[in-house]
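The values are calculated or read from the model by the stated rules, or taken from the named source; none is laboratory data. Because the structure is a prediction, the values reported are computed rather than measured. Because the Cβ atoms are built from the backbone with ideal geometry, glycine has one as well, and the counts that use them run over all protein chains shown. For the accessible areas, the whole protein counts, side chains as well, though only heavy atoms, and no ligand, DNA or RNA atoms are used. Shrake-Rupley method; radii C 1.70, N 1.55, O 1.52, S 1.80 Å.
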Amino acid sequence: MSGVAPIAAKAKAPRRGPGSAHHGPGGAMMPGEKPRDFRGAMRNMLAFMGQFKAHLVVVFLFAIGATVFNIVGPKVLSEATTVLFDGLVARVGGTGGIDFDAIARILLATLVLYLLSSACFWAQSWVMSYVSQETCYRLRGAISEKVDRLPFGYFDKVSTGDVLSRITNDVDTLGQSFNQGVTQLVMSLTTVVGVVAMMFSINWAMTLIALVMVPASLALASVVVKRSQKYFFAQQTLLGEINGQVEETFSGHAVVKAFGREDETVREFEATNDRLFESAWKSQFLSGLMSPIMGFVGNLGYVAVAVAGSFFAVMGVITVGDIQAFVQYVKNFTQPLTQLAQVSNVLQQLAAAAERIFEFLDADERPPEHPSATTDGIRTDVAFDHVRFGYDVEAPVVRDLTARIEEGQSVAIVGPTGAGKTTCVKLLMRFYDVDAGEIRIGGHDVRDYARDDVRSLFAMVLQDTWLFSGTIRENIRYGDLEATDDEVVEAAKEACAHHFITTLPGGYDFVIDEDASNVSAGQRQLLTIARAILADRRMLILDEATSSVDTMTEARIQTAMDNLMRGRTSFVIAHRLSTIRDADLILVVDGGDVVEQGTHDQLLGLGGFYAELYNAQFEERLT
């Protein structure tokens, strides 16, 4: 958990697949329904903070030192008040004068105490700031690593915005709350204990009068904390929900405008924003009540102590300096009580953020791998053997898929939308594992290989093009990070992308923006094809690879694609059947099963399902 895995890419590919929580523009994720577990969240937090034990001990020691020096100050300063008062009385009575040397020594001692207190406070603040930021740093790293270990199905259920909120809002809230809360908690508790001890050393009766106010303060604080607890958790949950709406709306703003759904999107956002406003103002309002409530109770105690102190001074039980010190201690006593009440709210925020973070970190991961085979030097023949799979086990997408693909063959997978074509590819690359049956590569079940080893066999060009914010050169080089500039250019030429790249400002150094909107859909597709060419893998997956390319460009790159596929086991998913007529094998998938297979001419000769699909497309072109 302590390591940090950098996020490999600067942008996230659009999510696909049944069950996806990507609700589309303006979509929303419902907030969590389960009750908040404050103790559980704090246990997880304390367990994670165990790696900072030494730092926290230093923080506690310096915090205690700062508080102790600050507490002793009023008592020492009271001696100067007593010396001054006694000197004035003696001077008025003609029996003496003010001992300014003694006052100077006392003031110097007080100055040293306060300087030591400030030095300790500075030291603990410095260490605590380091610990809180290091905690945020490691939590972000832990979340990043967790993302890599989660199954694909997790992201079908949780929105991208909510995941981003956990790594940004929740981690930042946790860091700020931890920095403020822990230091304030230690110093406030130390101050309360130290002040009570000093007050008892001056006069026990006045101390008991001051302590009478404590139960009232704690009772009022408890009421406020209980009422505010649920609002702090709701605030953090709704922040994740509103982030999800904003992320999805901005990523699909063109769709929103095209369908005229601006008003509906705004209404959905306002509904969530209203709920966030409701929980936020209630949590902040209740939190703000702490200070005036504690201040009112503290003022009552202050009045009671002032009256009692005057009486005891007249009786000669205590000195004037003691009264001054005691009044200062009463003020110092009520202030940490107020701070403790405020700290309770900060801890509520910390627990709310920690619960969401550790809920994510504790999510079920992919089962551990125990590979029994290696992909080094294996043949790339593929067999689907009675494969069954569903994103929901009760609703299978692939029912009973059986097919054999020889090494080096180009295989086209065709069929109507929803037939399971892309799902077959996801299973082949172990994005998901089959529910029944086997998929074998080189004679071994793909589950015998490590997932990374399986995926290292493939280069992919998907229907949903994915580019990150960076130069064109960097995006193509993503296929092979060790490639030279000349190899990048050669890959672009083979993909028929070189010409349009050279027409852009800066050429290969042209910077693609965050959502790749400054290049056309067809150009994005050509860049992803160039990336696949540069990767030079033994197997290829082309999922509607030319879907965004015009007919003339498609014709130009078809030769390059044929050269790329030669000698490689290739899987081509295509709706445009004219592009796969030369495939060595065509698998016709419908309802999750292979209903026909053969070459283009063989399938047309059968006059079956494939022939119907092909003739329907041919008729569409004629019309």
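In the complete set of protein chains, residue-level accessible area for V511 is approximately 80 Å², probe 1.4 angstrom. Given the choices (i) 24.5, 78; (ii) 35.6, 131; (iii) 28.1, 86, Rg and Dmax of the Cα atoms in Å derived from the coordinates of this structure is entry (ii).
What is the antiparallel percent of DSSP beta bridges lying wholly in the chain, to the nearest 5? Approximately 55 percent, going by the DSSP bridge assignments.
Using a 1.4 Å probe over the heavy atoms of the protein chains, calculate the carbon and sulfur portion of the accessible area of the chain as a whole percent. Present the calculation step by step, with values, prior to reporting the outcome.
Working: 17830 of 30270 Å².
Of the solvent-accessible surface of the chain, carbon and sulfur hold 59 percent.
Over the residues of the chain, the helix contribution to mean residue ellipticity at 222 nm works out to -21000 deg cm²/dmol, using -39500 (n - 2.57) for each DSSP H run of at least 4. Counted over all Cα-Cα pairs of region 348-475, pairs farther apart than 18 Å make up 64 percent.
The angle separating the long axis of helix 53-93 from the principal Cα axis of greatest extent in the chain is about 20 degrees.
Heavy-atom accessible area for F100, with the other protein chains in place and a 1.4 Å probe, reaches approximately 130 Å². Multiplying the residue separation of F259 and V193 by 0.36 nm and removing their Cα-Cα distance gives an extension gain of 17.2 nm.
Heavy atoms only, probe 1.4 angstrom, no DNA, RNA or ligands counted: give me K75, K157 ranked by accessible area, highest first. Could you put the intermediate results ahead of the total?
Values: K75 55, K157 160 Å².
My answer, sorted largest first, is K157, K75.
The C-alpha atoms of the chain define a longest principal axis, and helix 521-535 lies at about 90 degrees to it. Ordering Y610, Y154, Y137 by accessible surface, largest first, gives Y137, Y154, Y610; the 1.4 Å probe counts only protein heavy atoms, with every chain in place.
Would you tally the net charge around N243, using a Cβ to Cβ cut-off of less than 10 Å, leaving N243 out, and scoring K and R as +1, D and E as -1? It would help to have the intermediate numbers written out before the result.
Numbers: positive: R166; negative: D162, E241, E247, E248.
In short, -3.
Taking the 0 to 90 degree range and rounding to the nearest ten, how far is the long axis of helix 100-149 tilted relative to the main principal axis of the chain, both from C-alpha atoms? Its long axis makes an angle of about 20 degrees. Distance from the Cα centre of region 179-258 to that of region 281-353, in angstrom? Between the Cα centres of region 179-258 and region 281-353 lies a distance of 17 Å. Please report the spacing between the Cα centers of region 480-502 and region 98-117 in Å, no decimals. Between the Cα centre of region 480-502 and that of region 98-117, the gap is 77 Å. Length gained on full extension, A450 to V314: 40.3 nm, using 0.36 nm per residue less the C-alpha separation.
How do I71, I323, I209 rank by accessible surface area computed with a 1.4 Å probe, from largest to smallest?
Greatest to least solvent exposure: I209, I323, I71.
Computed with every protein chain present, the accessible area of D364 is close to 130 Å² [probe 1.4 Å].
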